Amino acid sequence: MAITKIKFGTSGWRGIIADEFTFNRVRAVTQAIADHLIAQGLKDKGVIVGYDTRFLSERFALEAARVLASAGIKAYLSNRDVPTPAVSYEILRRKAAGGINFTASHNPPEYNGLKFSPAWGGPALPETTKDIETRANALVEKNNITSIALEEAKGKGLIEEVDLRKSFLDDLKKKIDMEVIRKAKLKVAVDVLYGTGRGYLDSVLQDAGCQVTVVHGNRDALFGGHAPEPSEENLEELSAVMKKGKFDAGLSVDGDADRFGVLDADGTYINPNQVLALVLDYLCRTRGWKGGAARSIATSHLVDAVAKKHGIEVYETGVGFKYIGDLLVQGKIIFGGEESAGLTIKDHVPEKDGVIACLLVAEMVARERKSVKELLKRLYKEVGTILNHRINIHLDESNRKEVADRLSQPITELDGLRVKGKKATSDGTKYMLEDDSWVLMRASGTEPVVRLYVESSSEEKLKELVEAGRKFILGQ
């Protein structure tokens, strides 16, 4: 089969190991990043190089460090697998030119990936990744990337193995009210899904005096046979552990610890949109910060309702945390989140961080002395009930173009409700309905799938909107 060109998606370049994601291509992308930084005059600032627990991740990281060293750029190579937000923090702490992190985040185990973060610490914006893509694809054709032996590079001071853990955890402890958590003596179940969160999320909770039970705390490059995503389905084992004992909360992070998962005290899954709204409300009540809140176009308007309660502005962004990170760097927001379980806060990294998200939930439960569901019930009383749901609608290759054409057509009514407004973006089309419900339809660019997002005030209405959206997409 023909190998596709190197292309960065919403969060880096990813591919199947040994098929698209190979050592030769990793060297080419790394050289492209080196050339990009040299062109910007950043050669002397160094690059942080990290990796996750996937197959060959540490080897890919070493190859990247050797290529950087050959280009005269110092590589600060992590001495163990590391969360993506820790790489982001280290870029800022060292004032480095950027960071390269080998991870495919929550993707299935046969994938690996490369994330590049520039000097501002967040995911690279499209203009940056476009330049790297162009350079990398040209280099793949030439296949003449040079690298330098590890010991030689170390001898020249061009590769330095570093500990990214301590400084990151020390910083986290300044941003979380450790004393509030300590006084509550929480009992917490943690699932790190065989990934980089081990020794990070569990360690901070233990340092705060929590009784912590860790699930899947060993490295497994196959992640137990499924994608390391903290979804309801993947957290069933964590839920089962919680049901056998008495816990205050269940907390989880994905493979590179940039996404979060939350279970209530009884093991019930709390969806990310609900967590985002609860955390925003909690921060507004306890921190006294001033500024706006950002959410992606597909994220719940429950965030908007909380923002309205506290009199703060909401910024709606496209899909991709880079846009939220950019707003954080500009100082416009105190909070940013997306429905796919990404979150960050003021004075933190401009990158999603599942570890701090989980710690904020622990702090919230500790201070309020209530379960997550109790807190959610109270929030709904204050701002109104807003529920959401997302499904993937799988298409036949034969009708993929027909569906794409249908999605491009205007809609004036859905499920008997008038469409009062719409937003058409590269991330899909969002239809605002007259009862303040909304529907977002987003066709995948890589697989025959349409992602359907719906939001309304009741479970019954959600089901009706899902069915109406499905029928429209399939032309039934």
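Among (1) surrounded by 12 or more Cβ atoms within 10 Å (Cβ to Cβ); (2) closer than 16 Å to residue 73 by Cβ; (3) touching a Ser or Thr at 6+ places or on another chain (Cβ under 9 Å), where does residue 146 come up short?
So the condition that residue 146 fails would be (1).
Within segment 28-65, can you find the residues that are basic (Lys, Arg) and either buried (at least 24 other Cβ atoms within 10 Å of the Cβ) or touching a His at 6+ places or on another chain (Cβ under 6 Å) (or both)?
54
I'm trying to understand the selection: among the residues of segment 392-402, which are surrounded by 14 or more Cβ atoms within 10 Å (Cβ to Cβ) and at pLDDT 80 or above?
Residues satisfying the conditions are 393, 395.
Select, from 277, 221, the only residue that is modelled with pLDDT of 95 or more and surrounded by fewer than 23 Cβ atoms within 10 Å (Cβ to Cβ).
The unique qualifying residue is 221.
Return the residues of segment 321-360 that are hydroxyl-bearing (Ser, Thr, Tyr) and over 23 Å from residue 288 (Cβ atoms); say none if nothing qualifies.
Those that are hydroxyl-bearing (Ser, Thr, Tyr) and over 23 Å from residue 288 (Cβ atoms): 323, 340.
Could you say which residue among 241, 275, 253, 279 is more than 20 Å from the chain's Cα centre (by Cα) and among the aliphatic types (A, V, I, L, M)?
Only one candidate passes the filter, namely 241.
Suppose we filter 444, 371 for residues that are at negative phi, surrounded by fewer than 19 Cβ atoms within 10 Å (Cβ to Cβ), among the small types (Gly, Ala, Ser) and not assigned by TED's automatic domain parsing to the domain that holds residue 308; which single one remains?
Sole residue among the options that is at negative phi, surrounded by fewer than 19 Cβ atoms within 10 Å (Cβ to Cβ), among the small types (Gly, Ala, Ser) and not assigned by TED's automatic domain parsing to the domain that holds residue 308: 444.
Identify, from the list 113, 122, the residue that is under 23 Å from the mean Cα position of the chain (by Cα) and either in a loop (DSSP other than H, G, I, E, B) or modelled with pLDDT under 95 (or both).
None of the other options fit; the residue is 122.
Residue by residue, here is whether (1) in contact with a Lys or Arg (Cβ under 7 Å, 6 or more places away or on another chain); (2) within 20 Å of residue 305 (Cβ to Cβ) holds:
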| site | (1), (2) |
| --- | --- |
| 411 | no, no |
| 416 | no, no |
| 423 | yes, yes |
| 428 | yes, no |
| 432 | yes, yes |
| 438 | yes, yes |
| 443 | no, no |
| 453 | yes, yes |
| 465 | no, yes |
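Being of a type in the set (Lys, Arg) and modelled with pLDDT of 95 or more is the filter here, so list the residues in segment 300-331 that pass it.
308, 309
Quick check on residue 186: is it surrounded by fewer than 17 Cβ atoms within 10 Å (Cβ to Cβ) and under 30 Å from residue 231 (Cα atoms)?
So residue 186 fails the test.
Report, by residue number, each residue of segment 405-441 that is surrounded by 20 or more Cβ atoms within 10 Å (Cβ to Cβ) and either on the phi > 0 side of the Ramachandran plot or part of a loop (DSSP other than H, G, I, E, B) (or both).
Scanning segment 405-441 gives 428, 437.
Just one of 308, 290 is in a helix (DSSP H, G or I) and more than 29 Å from residue 81 (Cβ to Cβ); which is it?
308
Are any residues in segment 90-132 hydroxyl-bearing (Ser, Thr, Tyr), farther than 23 Å from residue 18 by Cα and surrounded by 24 or more Cβ atoms within 10 Å (Cβ to Cβ), and if so, which ones?
117
The values are calculated or read from the model by the stated rules, or taken from the named source; none is laboratory data. Note that the coordinates shown come from a computational prediction; the quantities given were computed from them, not determined experimentally. Neighbour counts are summed over all protein chains in view; Cβ atoms, including those assigned to glycine, are modelled from backbone coordinates with ideal geometry.
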